[in-house]
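Have a look at the structure below, then the notes.
The values are calculated or read from the model by the stated rules, or taken from the named source; none is laboratory data. All of these numbers come straight from a predicted model, not from anything done at the bench. Note that each Cβ is placed from the backbone with ideal geometry, even for glycine, and that neighbours are counted across all protein chains shown.
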Amino acid sequence: MTTSTTPAGPAHATPATAALPGPGAAGAAEGGGPGARRRGRPVLRRTRRPDEADRGALSPADWRRPLVRRSMRLSHGVLLALLVLCGLGPLVLLAKFAITPTQDILRTPLAVFPHGIAWDNLSAAWNDVQVSRYFLNTVVLAAGSWASQILVATTGGYLLSVLRPRYAKVVQAAVLATLFVPAVVLLVPLYLVILDPPVLGRSLMNSYWAVWLPAGASAFNVLLVQRFFDGLPREVFEAARVDGAGPFRLFWSVVLPMSRPILGVVSVFAIIASWKDFLWPLLVLRDPDIQPLSVRLPSLQATTDLGVLMAALAISTLIPVLLFLVFQRLFLRGAGLGGAVKG
Amino acid sequence: MRSSRTTALALTGALSFTLLAACSSGSDDAGEGDGTAGGKTVLRVVSLLPGSEQEAFDAFDEQVAQFEEANPDIDVQPEEYEWKATTFAAQLAGGTLPDVFEIPFTDGKTLIENGQLADIDAQVQALPYADDFNPNVLEAGTGADGKVYAIPAKSVYGIGLHYNRALFAQAGLDPDDPPTTWDEVRADAKAIADATGQAGYATMTQNNTGGWQLTVATYARGGRVQETDDDGTYTATLDNDGTKAALEYLHDLRWEDGSMGANFLLDWSSINQAFAAGQVGMFTSGSDVYTSLVQTNAINPDDYGLTAVPLEGDDAGVLGGGTLAAVSTSASEAQKEAAVKWIDFYYLRKLTDSDAAVKDAETLVASDQPVGTPVLPIFSQEQYDESQTWIADLVNVPLDQMTGFTDVIFDQPLIPEPAGSTQELYGALDTVVQAVLTDEDADIDALLEQADADVQAILDKNAG
Amino acid sequence: MALTHEARATSPRRTPLTWVRRGGLSTLVFALPLLVVFGLFSWLPIGKAVVMSLQETNLVTTAWVGLDNVRTVLADPLLATAVGNTLWFAALALLLGYPVPLLAAVLMSEVRRAKGLYSAFAYLPVVVPPVVAVLLWKFFFDARPEGVFNTMLGWVGVGPVPWLQDADWAMPSLVLEATWAAAGGTIIIYLAALTAVPGELYDAAEVDGASVWRKVWHVTMPQLRAVLLITFILQIIGTAQVFLEPYLFTDGGPANATITVLLLVYRYAFGQSLGGDYGAATALSLMLAVVLAVLSVVYFRLTRSWSQT
């Protein structure tokens, strides 16, 4: 559900290793059970076999029966109407409020512009509320969290799956254990670590590092990537080694290029989680200048004219919605898989 | 091969190195250790509420510029700030408060006891008007050692009854004849609700403000929510007759008259917003709230009215409180000097020096910011009256719509807020107010008894 | 002495030099990001949580208090309210958020034209930033008759409903918004699982002459069993930590009707202006963690057994 809490993931990342997509789905023989392979397919394979693409519970014969056809058409029509109403309706209203004078929003929220259109809501939101700046902060936060997660997950996965030093087992157990600790436990102690981190000697409060670095500590990502690396064909590694490739070259030129699918999955998770995060940035980013939209908008709600606030909300929504419409396929594929393992 | 290896090394090393290197330079460009940058003392100060109007920020920036011109060795960095009971602790613990920040009177003593405010006694005593403070007011920022840790600044307020003149007119009431008894408040609230469909009367309920305003209503009916015992400990008296009467009053307005509207989850800023939008006929809050209504809610001055809170019964009085300016314990000596200079410039000198007062008022007027909002004296009353004459020509707030308050406030007994575990007490009362407004069958006696027991437990714990 | 000598003799390669030569150093470079990040921001705080739950601290002075924090939490009358509310939220969220997406997904899997359109509309709310969604819905939930939802209800002669302004209505209102925000994601998960149901199973059922309903009930549903259980447990784990909605919609009100466990943790730690009770906060979060860890283990076991059968 929408628990957008938390130190970015360690606990959200739910214990789901068994359901992770093994690279088996990508073509290699081993790794992942049949269940895992199935769920992995939407992301990992571009095309489906035509025979299963359109085969639902209803057979072509069923579709030829008038009763079935009519009732299906009807329920599909109702479903589409409901989806439009629930999915699009609130956003259409938001768009309308964004250009409606405040008193009209308050008195007759559903009337269609009884006293004209207030375009200045939009400019006020853009210039006074500075949505653009906070959106940029949001993007910077997401990008940093993404980079930190990718770095830790790939190097960590490589360490545990390919390099396998003596201490790998201990490290893996310690990483795995954190999967079972929900984010709520970390809230207060992690806050205190950020306040007074060991070694560094200065508070990370009011710094993006306070969000980026904890985001990297996602056991889910590490195990996801490790499992994927486990399934990569060892012969390729051996061949590379024989050719004289050291661990760095092997990592950079062999393992990473083969890992694009899983990196895509981790990226989608990382960006969505960062986009939704609220409580953690609220606690550690107190300086209004560096806050993301999710923190800034609530603190403005009572001091901003309602029409302008609605315009700010609309602008904040527009960009992700446009991104979604453009990259719809990627989003839905990621969500299909992401949900199966992440919830 | 070499290049890719280097890239990989750089990639993997990046995090660890940046951890050590980049973090220590941090996001703050100013050198933080000694609070100096380029030979200047950097001073982070509280500016305005988040979301204030651009004109208000313009006026503030102008004042900062004036200050920096007079103090070229100080670099003032303003930060938006709103004191909220539910967020202050995280800021305090997180060390993210500005160097100069504002706290309510009620929190001064405990923060001083906990060693969380800087000792600015020496700097304050050097101010020319150091001996002129109203001793009762200065007391809130004085420690057990007799030293000053926080200065009464910004505003000392008495609670007033704010009303929307436009709604009064629409309901056929005379905006120049605001109610003077609680019965009249109730009748007017009903008239407004019936005629306009808006809430005739509203009260805050969230973020401890519900308890704050219930205490106001209690004092106005002669009740007290807390007693200080001879040994300095506190006894909760939440189930007193004044509080009960206040809650029954709210209950009747809400459930019998239906004159409190439909939305009850309001705190300090959201009730201001609703009031400025014409959704609330009357509410009680600090007398200084008009400034904020202009700065953040762009209220129409013609619609604003302020009158005194009706007092009924023996010992009835007006709750008074205020804001202290304090300095962070992490401030260096140079920053403390700079901080008190800023407090003097921004908060106090305009009350004690006619040139400064005029200059301040002119700056504010130039940006259409309110000048002359009624507050209570930080120094003596005579001194306050005198300071008002300096800027009489520049006052741009509708004082003639506030006479119901200004005419009587100095004759009303002023009662300070409860001193022991104030915010917890307020928080416990929030729940009671919310229950009364959202549940018609709420058992006021039982709710108060429970809240009283809860608060007493907290008081006992903090005493022990 | 003899022992050390012997140990050296049996593993002569273990000297720092050979360790470096055998790639130990470059391995360590790869280990560094994981060790640093997990060490500082996961293992250290977890350890700290356990220690802090046994301490009383104001960040300046710290004292060991044993199980006092646990006792404080258990004695807090708000605890029962918060646990009850959290369970109530979870139950309502399951009631709304479980069958509706399932029904929608089953229907959608039979759509033959413009399937993408259905998915797009269903998923749209998920893309809306959660904070924006809450602030927008907060306005929708305006309890005046002129409120958005109340105006709509007025068209059909119902209401006005008090929404967030009533102890009984507040929680269902929160769940309504939460479901709206999350249902799209759940639908897409189910849809992915439905597409993965092997067509041969339906073919076989048809050979046996199964009706549409029987196919859905006896073929589709059993195939979804795994994913249904996974989403079920994940949803419980998620709802147990719900914070955003009660914090932004009602701040736990009215009269504590929507205070949840995580909101209580937040209040212990950060809600009092004069300093938080970090001990009680970590104690309560650990107690919640134990419950969730049990659920996680169950979940882990189940997903493992399912992926192996």
Taking region C:57-84 and keeping only residues that are away from every other protein chain (no Cβ under 11 Å), touching a residue at least 12 places away in the same chain (Cβ under 8 Å) and not β-branched (Val, Ile, Thr), one is left with C:Gly66, C:Leu67, C:Asp68, C:Asn69, C:Leu79, C:Ala82
Suppose we filter region C:85-102 for residues that are free of Cβ contacts under 8 Å to residues at least 40 places away in the same chain and surrounded by 14 or more Cβ atoms within 10 Å (Cβ to Cβ); how many remain?
2
Those residues of region C:234-254 which are within 13 Å of A:Pro182 (Cα to Cα) and either within 7 Å of another protein chain (Cβ to nearest Cβ) or not small (Gly, Ala, Ser) (or both) amount to C:Leu234, C:Ile236, C:Ile237, C:Gly238, C:Thr239, C:Gln241, C:Val242
Looking only at residues in region A:226-238 that are over 29 Å from the mean Cα position of the chain (by Cα) and within 18 Å of C:Gly23 (Cβ to Cβ), which one is farthest from the other protein chains (Cβ to nearest Cβ)?
A:Arg234
The correct count of residues that are crowded, with 23+ Cβ neighbours inside 10 Å, within 13 Å of another protein chain (Cβ to nearest Cβ) and part of a loop (DSSP other than H, G, I, E, B) in region B:280-298 is 0
Tell me which residues, restricted to region B:75-109, are touching a Lys or Arg at 6+ places or on another chain (Cβ under 8 Å), hydrophobic (A, V, I, L, M, F, W, C) and within 8 Å of another protein chain (Cβ to nearest Cβ).
B:Ala90
Test: residue in region C:298-309 that is more than 8 Å from chain A (Cβ to nearest Cβ) and in contact (Cβ under 8 Å) with a residue 40 or more places away in the chain:
yes
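Residue-wise test of (1) over 20 Å from the mean Cα position of the chain (by Cα); (2) under 29 Å from C:Phe149 (Cα atoms).
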residue	(1), (2)
C:Trp169	yes, yes
C:Ala182	no, yes
C:Ala192	yes, no
C:Asp203	yes, no
C:Ile236	no, yes
Filtering region B:50-89 down to residues that are in contact with a Phe, Trp or Tyr (Cβ under 9 Å, 6 or more places away or on another chain), over 26 Å from B:Glu337 (Cα atoms) and free of Cβ contacts under 8 Å to residues at least 24 places away in the same chain yields B:Thr87
Residues in region A:196-214: is at least one more than 8 Å from every other protein chain (Cβ to nearest Cβ), surrounded by 22 or more Cβ atoms within 10 Å (Cβ to Cβ), assigned to a helix (DSSP H, G or I) and not β-branched (Val, Ile, Thr)?
yes
Could you check region B:371-391 and list, in sequence order, the residues that are in contact (Cβ under 8 Å) with a residue 12 or more places away in the chain and in a helix (DSSP H, G or I)?
B:Gln381, B:Gln383, B:Tyr384, B:Ser387, B:Gln388, B:Trp390
Only one of these conditions is not met by B:Ala334: (1) under 28 Å from B:Gly94 (Cβ atoms); (2) among the aliphatic types (A, V, I, L, M); (3) buried (at least 20 other Cβ atoms within 10 Å of the Cβ). Which number is it?
(3)
Among what's in region A:140-176 and is over 19 Å from A:Leu232 (Cα atoms) and without any contact (Cβ under 8 Å) to a residue 12 or more places away in the chain, pick the residue that is surrounded by the most Cβ atoms within 10 Å (Cβ to Cβ).
A:Ala174
For region A:80-156, which helices (runs of 4 or more DSSP H) that fit wholly inside it have 3 or more residues that are away from every other protein chain (no Cβ under 11 Å)?
A:120-127
Of the conditions (1) more than 11 Å from chain A (Cβ to nearest Cβ); (2) out of contact with any helix residue (DSSP H, G or I) (no Cβ under 9 Å at 6 or more places or on another chain), C:Val207 clears all except one; give me its number.
(1)
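Here's the yes/no breakdown for (1) of a type in the set (S, T, N, Q); (2) closer than 18 Å to C:Gly84 by Cβ:
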{"site": "C:Leu228", "(1), (2)": "no, no"}
{"site": "C:Ile233", "(1), (2)": "no, no"}
{"site": "C:Val242", "(1), (2)": "no, yes"}
{"site": "C:Thr258", "(1), (2)": "yes, yes"}
Go through B:Asp441, B:Asp368 for me and flag whichever is in a loop (DSSP other than H, G, I, E, B), on the phi > 0 side of the Ramachandran plot and surrounded by fewer than 18 Cβ atoms within 10 Å (Cβ to Cβ).
B:Asp368
In the list C:Val73, C:Val148, C:Val60, which residue meets the criterion of being modelled with pLDDT under 90 and over 17 Å from C:Glu245 (Cα atoms)?
C:Val60
Quick count over region C:97-107, residues being among the aliphatic types (A, V, I, L, M) and either at the interface with chain A (Cβ under 7 Å from one of its Cβ atoms) or part of a loop (DSSP other than H, G, I, E, B) (or both), is 2
For region B:117-158: of the residues being part of a loop (DSSP other than H, G, I, E, B) and of a type in the set (A, V, I, L, M), which is farthest from the chain's Cα centre (by Cα)?
B:Ala126
Out of (1) without any contact (Cβ under 8 Å) to a residue 12 or more places away in the chain; (2) within 26 Å of the chain's Cα centre (by Cα), the odd one out for B:Ala187 is which?
(2)
Filter result for A:Leu80 (in contact with a Leu (Cβ under 8 Å, 6 or more places away or on another chain), without any contact (Cβ under 8 Å) to a residue 24 or more places away in the chain, surrounded by fewer than 17 Cβ atoms within 10 Å (Cβ to Cβ) and of a type outside the set (Asp, Glu))
no
Do you know which residues across region C:139-178 are at the interface with another protein chain (Cβ under 8 Å from one of its Cβ atoms) and part of a helix (DSSP H, G or I)?
C:Phe139, C:Phe140, C:Val148, C:Thr151, C:Met152, C:Leu164, C:Gln165, C:Ala167, C:Ala178
Residue ranges of helices (runs of 4 or more DSSP H) in region A:254-343 with at least 1 members at the interface with another protein chain (Cβ under 7 Å from one of its Cβ atoms) and modelled with pLDDT of 85 or more:
A:279-284, A:293-300, A:306-326
Among the helices (runs of 4 or more DSSP H) contained in region C:18-82, which hold 3 or more residues that are more than 20 Å from A:Tyr158 (Cα to Cα) and within 23 Å of the chain's Cα centre (by Cα)?
C:44-52
Looking only at region C:134-173, which residues are among the aliphatic types (A, V, I, L, M) and touching a residue at least 24 places away in the same chain (Cβ under 8 Å)?
C:Val134, C:Leu135, C:Leu164, C:Ala167, C:Ala170, C:Met171
From the list B:Gly305, B:Gly321, which one is surrounded by fewer than 24 Cβ atoms within 10 Å (Cβ to Cβ), of a type outside the set (D, E, K, R), more than 14 Å from chain A (Cβ to nearest Cβ) and not in a loop (DSSP other than H, G, I, E, B)?
B:Gly321
